[in-house]
Amino acid sequence: MDLPMLHIRRARLERFFTAHDLDAILFLSLANIRYLSGFTGSDGALLLTREECRLLCDSRYTTQAAAEVLDGEVLQYSDRNALLRELVDDLGLSRIGFEAAHTTFAAFSELSSSLKGHELVSLGGDLDQIRSCKDQDELERLSRVAGLASDALVACLGKLGPGVSEASFAWELEKEMRNRGAEGRAFDFIVASGERGAMPHGRASEKLLRSGELVTIDFGACMDGYVSDETVTIAIGTPDRRGVDVYAVVKEAHDLAIAAVRPGISCRDLDAVARDHIRGRGFGDYFGHGLGHGVGLEVHEKPAISPRNDMTLQEGMVFTIEPGIYIPGFGGVRIEDTVVVLPDGCRALTRVSKELMYV
C-alpha cells in the first residue's frame, strides 16, 4: 500500500468527523488499524485526527511499527490508557469517536475512566463501512488468496472418498494451502457429510465419508492479511435422486443471484433473488441464513447480504453468494463464491467449478 492510497482510505473518515463534530477517532480493531496505518501487530491502538496519525503499541512492536506505519508517529506504551489520556490532554481533544461495535463493556468502562472529562462518542458499526469498497491493492490480494485456496481444493480432490474422515481431509486441505504459500486457514473448515450436511456450520469431525453421500466443504486461506471464503458440495460416489435435485435448486439460486449483482441493487433485494427461488421450489423452510457477507481483512465484514439490510451495492464491494438448503435427517447443500461488484455486474474471485462434482 502506498501513501496516496493510505490517504484515500483515511479521507473516508471525514464524514464521521463532520457528522459527529469529532476531534479524533480512536481505533482498537486490528483490522481497521491495519487498513488505516499498515500496522500488522496483534495489539495496539490508533488515534487519528483530521491531520495527524498516532500508532500506539507496546515494546514488542515498536521496531515493527516504525517500519510499517508509513505516515504517522509511533508511540510506545506500558499502559495504553494512561498514554491515551496523556495524548488527548496534550492535544486538547474533547470529542473522541470510538468503535462501539468492537469495544466490550469492560474495555469501555476502563477507557471512560481513563479519559474522564473527555466525551467518548459511539460510532456503532457504521465505521466498518469504510472497508466495504475495496481498492485495487485489496482486490489484487483478495484475488491471489482466493485463487490459491481454490487451486488447493482442486489438488486435494483425489484424497476424498469412502473411508476418509472429514477431519483428515480438512487437514490435507490446510497443508496444501500452506504448501502453496498461505499463512494459514481463514477459519475452521466446515466438512459436513451425509446427515451432518444439515448443519450449516458443521466443523470437520472424525466421521468417515460414505459412498452415496454429499459432503459440503467450506474453506478459506489467509495471505498478506486478506482471506478467502468458498464452499463446494461434492458427491461421494452416486448420491440418491433427492440429493441431486436439492443440489440443482441451490445451484440455480446461486446462479440467479450472481447474475443479479450490480451497483444499485439493495442487499435485501439480492438476497430475495435466491431466497424466492428456493422458496418457490418448496425449500423455503430450509434456508435460514443470509445469502452472503463481506470478505476482506476479516472473513465476515460489511456488507451483509440479508433480508434485513437495505444498503445498496457499490462498485468494488466484495462479498459471498452462498445459498443453501439444510434438511434435518437428510443432509444439506451449500454453494458459495466470493464476488467483486463491477460497473455492469460482478466477477467471481473464487474459481472452483460449481457444477456437481463426483469423486
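In sequence order, the stretch 42-51 has phi-based couplings of 9, 7, x, 8, 10, 10, 10, 9, 4, 9 Hz under the Karplus curve 6.51 cos²θ - 1.76 cosθ + 1.60, θ = phi - 60°, and Gly or Pro positions carry x.
The modelled label-to-label distance between Arg242 and Ala100, using points 7 Å beyond Cα along the C-beta direction, is 4.7 nm. Between Gly97 and Asp23, Ala24, Ile25, Leu26, Val121, the built amide H atoms are under 5 Å apart, and every one of these is 5 or more places off in sequence or on another chain. Under the shape rule built on the C-alpha gyration tensor, where the axes satisfy a ≥ b ≥ c, the stretch 3-130 is rounded, since a/c falls short of 1.5. Here's the list of lysines a cross-link from Lys302 could span, going by alpha-carbon distance under 28 Å and ignoring same-chain residues fewer than 8 apart: Lys134, Lys251, Lys354. The amide H of Leu70, built 1.01 Å from its N in the peptide plane, has no neighbour under 5 Å, considering only residues 5 or more places off or on other chains. Placing a label point 7 Å from the Cα of Ile265 along the Cα-to-Cβ direction, the residues of the stretch 323-358 whose backbone N falls under 20 Å of that point are 323-325, 334-351, 354-355.
For the stretch 42-150, trypsin sites (Lys or Arg not before Pro) meeting the loop criterion (DSSP other than H, G, I, E, B) and having at most 15 other Cβ atoms within 10 Å: Arg50, Arg60, Lys116. Between helix 105-114 and the chain there is an angle of about 10 degrees, using the helix long axis and the longest principal axis of the Cα atoms. The label point for Glu14 and the one for Asp126, both projected 7 Å from the Cα toward the Cβ, are 1.7 nm apart.
Helix 267-280 versus the longest principal axis of the chain: what is the Cα-based angle in degrees, 0 to 90, to the nearest 10? For helix 267-280, the angle is close to 20 degrees. Taking the alpha-carbon centroid of each part, what is the distance from the stretch 1-68 to the stretch 228-278 in angstrom? Spelled out, the Cα-based centre of one part sits 38 Å from the other. Less than 5 angstrom separates the built amide H of Met223 from those of Glu183, all sequence-distant by 5 or more or on a different chain. Using Cβ point charges alone (K and R +1, D and E -1), the dipole size of the stretch 250-359 about the Cα centre works out to roughly 140 debye.
Only helices enter this figure: runs of n ≥ 4 DSSP H residues, each worth -39500 (n - 2.57), summed and divided by the residues of the chain, yield -10500 deg cm²/dmol at 222 nm to the nearest 500. The gain in end-to-end length when the Asn309 to Leu70 segment is fully stretched comes to 82.5 nm, 0.36 nm per residue minus the alpha carbon separation. Roughly how many whole Å is it from the C-alpha centroid of the stretch 175-227 to that of the stretch 93-171? So the separation of the two Cα centres works out to 19 Å.
Phi angles of the stretch 28-40 translate, via the Karplus equation with coefficients 6.51, -1.76, 1.60 and θ = phi - 60°, into HN-Hα couplings of 10, 5, 5, 5, 5, 4, 4, 4, 9, 9, x, 6, 10 Hz per residue; Gly and Pro are given as x. As a proxy for reagent exposure, ranking Thr233, Thr62, Thr18, Thr320 by other Cβ atoms within 10 Å from fewest up yields Thr18, Thr62, Thr320, Thr233. Between the helical axis of 241-260 and the longest alpha-carbon principal axis of the chain there is an angle of about 40 degrees.
Our coupling estimate for the stretch 155-171, obtained by passing each phi through the Karplus curve with A = 6.51, B = -1.76, C = 1.60 and θ = phi - 60°, is 5, 9, 4, x, 9, 8, x, x, x, 7, 7, 4, 5, 5, 5, 4, 5 Hz, Gly and Pro reported as x.
Any read-out appearing in this document is the output of simple, stated calculations on the displayed coordinates, not a laboratory observation. Remember, predicted model here, so these are calculated numbers, not experimental data. For neighbour counting, all protein chains shown are included, and Cβ atoms are generated from backbone atoms with ideal geometry for every residue, glycine included.
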